[in-house]
Each structure stands twice: as structure tokens, then as C-alpha cells.
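Only one structure is covered here, and it is reproduced in the block below.
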Amino acid sequence: MRALVIYAHPVPDSLNAAAHQIVVDTLRERGWEVDDCDLYAEGFSPVLTEEERRNYHNTEINTAPVQGYVDRLRAADAVVFCHPVWNFGYPAILKGWHDRVMLPGVSFELRDGKLWPCMKNVKRIATVTTYGATRKLAFLAGDPPRKLFKRGLRLTFGAHKVRYIAQYDMNNITPAGCQAFLARVRKEMEAF
Amino acid sequence: MRALVVYCHPKEGSFNSAVRDTVMGRLEHARVETRLRDLYAEGFQPVLTRDEWVGYEDTETNRKPVADYCDDILWCDTLIFVYPTWWYGLPAMLKGWLDRVLLPDVAFHMPKAEGEIIKPGLHHIERLGVFTTCGASRWLTMFIGAPGKRTLMRGVGLLLKPRAKKAFAAHFLMDTAPRASLEKHLKKVAAKTDTLIGMTASRRAPLEGAPAE
């Protein structure tokens, strides 16, 4: 079983980085083969270019600019996203991974002008994330990243295991709170 | 009235550029002062860097890498976004503008004491317009929960003046949209822009030729 871990945080000594490390270590301990994709470290460019937009629906050539990333996604049985929530959304670098890699012919196709999921290999998905906002404030804003993941990606992958592990209110978190969050991440990954 | 239009699409000549032109046309017609930011044309760099994250809460220096863009935000009283919806959300380019420009003490204030939460900082912005296009259908977008719309209308909306005026218009199923439907949508965008800036039908005539606000 192979897991692709998509990690998007710029700072190595953040809580997010610690959670990411636990995800990778725990999955490996449990026998997963882990492809650890650190978007910042790999210098991933999130900007979908004019040429990519022009060739977007041409499934013969649209994957060429990001072929490596597409291959890694196609080889995965599970995908785990580790990222902070900024301004009620994904960091741009992670949003750009969706924009550029989850292409027609890779994760969805158009049938009679309607979107249809077409990726069969990924059956388990999880998100490990941190919010500055409280749960209540995020709820009032409609919690866009939670919805995009739990509804959009669940549908796209046809995943049967979907876990959303979030720590809210990072501005008021205590050291004990951090430990509790990391313990929760470990427990979730052990059962993943 | 001072309107900042943040436009994000990689291809000139796209339907989004027609939406942008419609919005700009209505603003200029109403003699609103405008600033247009074309993020792709300017080559905006959307990735919040390690240094920016480390200095995020240092309000003396945090806006330095994006000072011009912060100045736009502090200058305007009307904020309008024109962009395509990709993966139910904002293009990374536009999301990066939020990440890097909506900073502590520019757009919001970080908690000062334990137990406090983030406080809004854009009370000088009284109007928010969001104009987008979606490949997905209206039903699918609603089922997913329209994350992109919510990131802007509610997420950014929470930072603005309480009860700020808001306008939203989306065209769905862009891949099979007939020409007539697109033309109709541009009219809707024009009407929504007029309403947003207070150019209602009854006031439209007298406003022409009147001095700018």
C-alpha cells in the first residue's frame, strides 16, 4: 500500500511540521510505503500558466508540465494532506497543486459537459490541518477547506475512508493542546 | 468612492476578461476612482515564503514584501474580485494574494490577550463584489458548499465594515455555455455592479455628469 503525503508549510519548526512528521513516521511504522511530497521544499510552482489553460482539456498533453506529480498521484492508494488553513482556504501552494495536477483525464472528465470522477486508485484520504480561527468562526465562514475536502475530494476520489483532523484556534493553543493534537494525529494514522 | 478590482485569469480574451471590462466600464461610467490589479499580468508571486511566515506578526515589517498591494487595500472602500473558480475555489494566484496581502494590522488584528480571537481590520471597506465562472453546475457547486464563494463572501466579508454591501454573480457550466447565456451574464454583472456602487435605475441618469464622490 502506497500513501502520497502532500505537505504545504514553509517552516520546519511549526506544529504543522511536527504533525507532518508524525503522519509520515506512523504510516511507515504501519507498513505503508510513503511518498513524502513537500511542496515548499520541492519548489512547486502553483501558478497554472496561460499555456496550461489553453491545453487544459486536451488529455493527450495536459499533464506534460506536471507529469511527475501526476505519476505520483496515480501510484497512490491513499493521499494525506498536511497544511495550515490561511484565510479560510488552502495555502496558495497547495491550491495550485489542485489546479495544476488534478486535471481532466487524471481525476475527472467531462461527459456531456458534466464533471465526472475518473480516478480509481485512491481509496483513503485524510487531512491534517491547523486553523488560526476558532471552530465557531470557521463554521460561520462556512469552513471552505473542510467542505472542499470532505465533499469535493471525497466525491472525486470515490474514497471510502475520509478523515479530517483539524486543530482550531492556534492563537490560543497551550503546549498540552499541541501534544493532544499530535497524539490525535498519531492515533488516526495508526487506524488509517 | 475608490474601487480596487483584483483580477485573476491567465488568458487575455477569456470570458473573465469580458467580465472585468464590464465591471471597469460601469465603475468608470459612475466616475468611481479605480485601481485594477491584474495578478497574472503583473507576475504576482503567490507563495507565502518562510521569511514572511516567520515575520507574519511583526506589524512593523510584515507588509514590506507586498507594500504596494497593502496600500491598495488601505486606499479602497470598495473591493471587487473577478476570477475563474477552479476546484471549487480561488486560483492559487488569487489565494496567494489573500495569504500574502491580508496581513495582521492590514486586514485584521491578532489577539492581544489570552482567550481573545482575531479582530477584523477592514472596516473602511463598505462594498464587496465577487464575480466568477464555474465549470461545475450550480447544483454540484451548491452540494460541495461553494468553498470559493465562502472564502471571499464570508471569510473576507467578516473583515469588512459590519453589514457591508455585497454583490455576487457566477456563471456555471462554462465548458458548454451558449453565447446568449454569456451575454446575459455580462448584463447581470453590469446591473450588480451598478447596485453595489449605488447606481440604481432611478439615480443612474442624475449621476451622469455629476461630480465624482
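What follows draws every value from the coordinates through simple rules; no lab data is involved. On a predicted model such as this, the values are computed, not experimentally measured, just so you know. Here Cβ is always computed from backbone atoms with ideal geometry, including for glycine, and neighbour counts include all displayed protein chains.
Only helical DSSP H runs with n ≥ 4 go in: add -39500 (n - 2.57) per run for chain A, normalise by residue count and round the 222 nm mean residue ellipticity to 500 deg cm²/dmol.
Details: 8 runs with 68 residues, N = 192.
About -10000 deg cm²/dmol.
Run the simple label-point estimate for A:Glu51 and B:Glu42 please: 7 Å along Cα→C-beta, distance reported in nm.
2.6
Can you give the FRET efficiency to the nearest 0.05 for B:Lys161 and A:Ala41, using r as the Cβ-Cβ distance and R₀ = 35 Å? Please list the in-between numbers first.
Numbers: r = 41 Å, r/R0 = 1.16.
It comes out at approximately 0.30.
Could you give the distance between the Cα centres of the range A:1-76 and the range A:142-192, to the whole Å?
If we compute the Cα centre of each part, the gap is 18 Å.
Specify which residue in the list B:Leu103, B:Gly121, B:Gly135 is farthest towards the positive end of the charge dipole of the range B:97-172, using unit charges on the beta carbon of Lys, Arg (+1) and Asp, Glu (-1), about the Cα centre.
Farthest towards the positive end: B:Gly135.
Can you figure out the FRET efficiency of A:Trp116 with B:Trp139, using R₀ = 22 Å and their beta-carbon distance, to the nearest 0.05?
Values: r = 14 Å, r/R0 = 0.64.
Computed FRET efficiency for A:Trp116 and B:Trp139: 0.95.
Please quote Rg/Rh for the range B:8-58 to two decimal places, taking the Kirkwood radius as Rh and restricting both calculations to Cα atoms.
Numbers: Rg = 15.7 Å, Rh = 13.5 Å.
Ratio value, two decimals: 1.17.
Give, in whole angstrom and from largest to smallest, the semi-axes √(5λ) of the equivalent ellipsoid of chain A, with λ running over the eigenvalues of the Cα gyration tensor.
Numbers: eigenvalues 155, 69, 52 Å².
Semi-axis lengths for chain A are 28, 19, 16 Å.
What order do you get for B:Cys8, A:Cys178, B:Cys76 when you list them from fewest to most C-beta neighbours inside 10 Å?
On the way: B:Cys8 26, A:Cys178 16, B:Cys76 23.
Least to most surrounded, the residues fall as A:Cys178, B:Cys76, B:Cys8.
With the radius of gyration and the Kirkwood radius both derived from the Cα set of chain B, what is their ratio Rg to Rh? Display every interim value, and only then the final one.
Values: Rg = 17.6 Å, Rh = 18.1 Å.
Ratio value, two decimals: 0.97.
Amide H of B:Gly129: which non-local residues (sequence gap of 5 or more, or other chain) have their own amide H closer than 5 Å, using H built in the peptide plane?
Residues meeting the amide H criterion: B:Leu79, B:Ile80, B:Phe81, B:Ala167.
Which semi-axis lengths, in whole Å and largest first, follow from the square roots of five times the eigenvalues of the Cα gyration tensor of the range A:72-130? Intermediate values should be presented prior to the final figure.
Details: eigenvalues 103, 48, 19 Å².
Three semi-axes, in Å: 23, 15, 10.
Hey, got the Cα dimensions of the protein assembly as shown along the principal axes, in Å, largest first?
73, 55, 32
Calculate the FRET efficiency for B:Thr59 and A:Arg184 from the Cβ-Cβ distance with a Förster distance of 45 Å, rounded to the nearest 0.05.
Numbers: r = 33 Å, r/R0 = 0.73.
Efficiency, from the Cβ-Cβ distance: 0.85.
Give me the one-decimal nm value for the distance between modelled label points at A:Asp77 and A:Glu109, 7 Å along each residue's Cα-to-Cβ direction.
2.5
Under DSSP H, which helices of chain A have Cα atoms covering 18 Å or more of the helix axis and a Kyte-Doolittle average no less than -0.5?
On the way: long enough: A:15-29 (21 Å, 0.23); A:175-190 (23 Å, -0.30).
Qualifying helices: A:15-29, A:175-190.
Return an integer: the convex hull volume of the alpha-carbon atoms of the range B:77-149, in Å³ per residue.
Numbers: hull volume 8.7 nm³, N = 73.
Cα convex hull per residue, to the nearest whole number: 119 Å³.
Using only atoms on other chains, find how many Cβ atoms lie within 10 Å of each Cβ of peptide A:36-48 and report the average. List each step's numbers first, then the result.
Working: counts 0, 0, 0, 1, 5, 0, 0, 1, 2, 4, 8, 12, 7.
That average works out to 3.
Among DSSP bridges having both ends in chain B, what percentage is antiparallel? Round to the nearest 5. Display every interim value, and only then the final one.
Details: 3 of 31 bridges.
The antiparallel fraction comes to roughly 10 percent.
I need to check one value: relative contact order of chain A, counting alpha carbon pairs closer than 8 Å and at least 6 residues apart, in percent.
Numbers: 303 pairs, mean separation 47.5, N = 192.
This gives 25 percent for chain A.
How far apart, in nm, are the 7 Å Cα→Cβ label points at A:Met1 and B:His123?
5.3
With runs of 4+ DSSP H residues as the only contributors, calculate the mean residue ellipticity of chain B at 222 nm using -39,500 (n - 2.57) per run, divided by the residue total and rounded to the nearest 500. Please list the in-between numbers first.
Values: 9 runs with 79 residues, N = 213.
My calculation for chain B gives -10500 deg cm²/dmol from helical runs alone.
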